[in-house]
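Trainee: This is the structure, below, for whatever I ask next.
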Amino acid sequence: MQPKYQNRRKQIKKACNVLNADAFLVSNLVNVRYLSGFTGSNGFLLIYGNNDFLFTDSRYMEQGREQTCDQITVSLSSGFSALEEVSRLCSITNIAFESDHLTYSEFIGLEKLLKPRVNLISSKGVVEKTRSVKDKDEIDLIRKAASLADDAVTFGIKESKPGKSEFEIAWVIEKFLKENGADGVAFDTIVATGANSAKPHHKAGSTIIKAGDPLVIDMGALLNGYRSDITRTVLVDGEDEKFRSVYEVVLEAQITAIGAAKEGMIGKELDLIAREVITKHGFGQNFLHGLGHGVGLNVHEMPMVISSSDHILEKGMIFTVEPGIYLTGWGGVRIEDMVLVEETEVSLLTNAPK
Ligand SMILES: [Mn+2]
């Protein structure tokens, strides 16, 4: 169909050389989609030579042929059974597999099917690494998903009046997204008010919004498989000195990190830049998570921008910058934007008011 899928599979073939593998078995469905365009709920790819294979079941044969290009042969397979024949006919003796995505029982099944003729080579994060650098089509789509999130979060905040529940706000956001061209939400919308906002991943519930409460909305749009992710925090109908001072620390940490982020920086270095700002103001213990994560076909993907991450920021990567301060019993503040790594700096993909 489009050469972009072939180009992506070329990258995996290069990785095969490093792994000493003749072929690469892609079993993760998000990775299958990324490398072939196939969006069915069952199937796997075998990346091999000039003719790659998509195996799926009878429900998806037609869809598989429609969604993939000439360079992919679509064939039937029950589980991984067809791998035995294709590896024998193509004289494939070393197959790399995705160790993070194959279950133990699938691995045992593969060994039974293929050993001793075929050697199975464990690999980790090969497709995810390729996915972390976005091409132009992906950047365009994520930009649209980010812009939808801007509008939806702004609308959600406008609707957040005292007396309404977290549920109601989550629902108006979801409805807004679908009415404005999104395929749905990127993940379950987080609406956390009052003390709930001290829990970074609180699920929207029946708690009623009160005047003077902090309110955290963390949401994203889904568009053609791609996702966006944004968080805004406000104080509902009121003024509060403590809220203002905590908010300003989080905003300072975010602006500092976005200003410092650039190509070549390591994930943990950027995390530390934001963390130092928060620590300087005495809230180091209250920043309960990493600074950010890549966003694309998954809402959390490479590169990770956390204190343990060695991922190097490269041009074309898209990730979040989302410092937060959480005070148990009182509430929390998180501000999250998505950025794209460009030539000399990063640019914002989300632009909702702060
Ligand atoms: Mn996020």
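Trainee: Of all residues in region 232-241, which are away from the ligand (no atom under 16 Å from the Cβ) and touching a helix residue (DSSP H, G or I) at 6+ places or on another chain (Cβ under 6 Å)? Reasoning before the result, please.
Mentor: First, the residues of region 232-241 that are away from the ligand (no atom under 16 Å from the Cβ): 234-241.
234, 235, listed by residue number.
Trainee: While we're on this one: With region 1-82 as the region, which helices (runs of 4 or more DSSP H) entirely inside it contain at least 2 residues that are over 22 Å from the mean Cα position of the chain (by Cα) and under 19 Å from residue 126 (Cα atoms)? Working first, answer last.
Mentor: Working: elements: 3-19, 29-36, 61-67.
The qualifying helices (runs of 4 or more DSSP H) are 3-19.
Trainee: Scan region 218-260 residue by residue and report those that are part of a helix (DSSP H, G or I) and among the acidic types (Asp, Glu). Let's see the steps before the verdict.
Mentor: So the first thing to find is which residues in region 218-260 are part of a helix (DSSP H, G or I), and the list is 241-260.
The answer is 241, 248, 252.
Trainee: Among the listed residues 327, 340, identify the single one that is in the same structural domain as residue 285 (by TED's automatic domain parsing) and under 21 Å from the mean Cα position of the chain (by Cα).
Mentor: Working: 327 fails: under 21 Å from the mean Cα position of the chain (by Cα).
Testing whether each residue is in the same structural domain as residue 285 (by TED's automatic domain parsing) and under 21 Å from the mean Cα position of the chain (by Cα) leaves just 340.
Trainee: Just a yes or no: is a residue in region 80-94 touching a residue at least 60 places away in the same chain (Cβ under 8 Å), in contact with a Ser or Thr (Cβ under 9 Å, 6 or more places away or on another chain) and not assigned by TED's automatic domain parsing to the domain that holds residue 340?
Mentor: Scanning region 80-94, I find at least one residue that is touching a residue at least 60 places away in the same chain (Cβ under 8 Å), in contact with a Ser or Thr (Cβ under 9 Å, 6 or more places away or on another chain) and not assigned by TED's automatic domain parsing to the domain that holds residue 340, so the answer is yes.
Trainee: Same structure, new question: Taking region 186-217 as the region of interest, how many residues are among the hydrophobic types (A, V, I, L, M, F, W, C), buried (at least 21 other Cβ atoms within 10 Å of the Cβ) and assigned to a strand (DSSP E or B)?
Mentor: Residues that pass the stated criteria total 6.
Trainee: While we're here: Suppose we filter region 299-318 for residues that are in a loop (DSSP other than H, G, I, E, B) and within 13 Å of the ligand (Cβ to nearest atom); how many remain? Reasoning before the result, please.
Mentor: Residues of region 299-318 in a loop (DSSP other than H, G, I, E, B): 299-300, 306-311, 313-316.
Next, only the ones that are within 13 Å of the ligand (Cβ to nearest atom) stay: 299-300, 306.
Residues meeting the conditions: 3.
Trainee: Among the residues of region 325-343, which ones are assigned to a loop (DSSP other than H, G, I, E, B) and farther than 17 Å from residue 139 by Cβ? So that I can check it myself, show each step before the final result.
Mentor: The initial filter retains those residues of region 325-343 that are assigned to a loop (DSSP other than H, G, I, E, B), namely 328-330, 335, 342-343.
Correct list: 328, 329, 330, 335.
Residue-by-condition table, conditions (1) assigned to a helix (DSSP H, G or I); (2) in contact with a strand residue (DSSP E or B) (Cβ under 7 Å, 6 or more places away or on another chain); (3) modelled with pLDDT under 95:
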site: 96; (1), (2), (3): no, yes, no
site: 101; (1), (2), (3): no, no, no
site: 108; (1), (2), (3): yes, no, no
site: 113; (1), (2), (3): yes, no, no
site: 122; (1), (2), (3): no, yes, no
site: 141; (1), (2), (3): yes, yes, no
site: 149; (1), (2), (3): yes, yes, no
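Trainee: Could I ask something else about it? What are the residue pairs meeting all of these: first residue in region 290-313, first residue free of Cβ contacts under 8 Å to residues at least 24 places away in the same chain, second residue away from the ligand (no atom under 15 Å from the Cβ), Cβ atoms under 6 Å, and 6 or more apart or on different chains?
Mentor: Here the result reads none, with nothing in region 290-313 linked to a residue that is away from the ligand (no atom under 15 Å from the Cβ).
Trainee: Name the residues in region 192-231 that are in contact with a helix residue (DSSP H, G or I) (Cβ under 7 Å, 6 or more places away or on another chain), within 16 Å of the ligand (Cβ to nearest atom) and among the polar types (S, T, N, Q), would you?
Mentor: 228
Trainee: Among (1) assigned to a helix (DSSP H, G or I); (2) within 16 Å of the ligand (Cβ to nearest atom), where does residue 277 come up short?
Mentor: (2)
The values are calculated or read from the model by the stated rules, or taken from the named source; none is laboratory data. Since we're looking at a predicted model, the values are computed, not measured. Here Cβ is always computed from backbone atoms with ideal geometry, including for glycine, and neighbour counts include all displayed protein chains.
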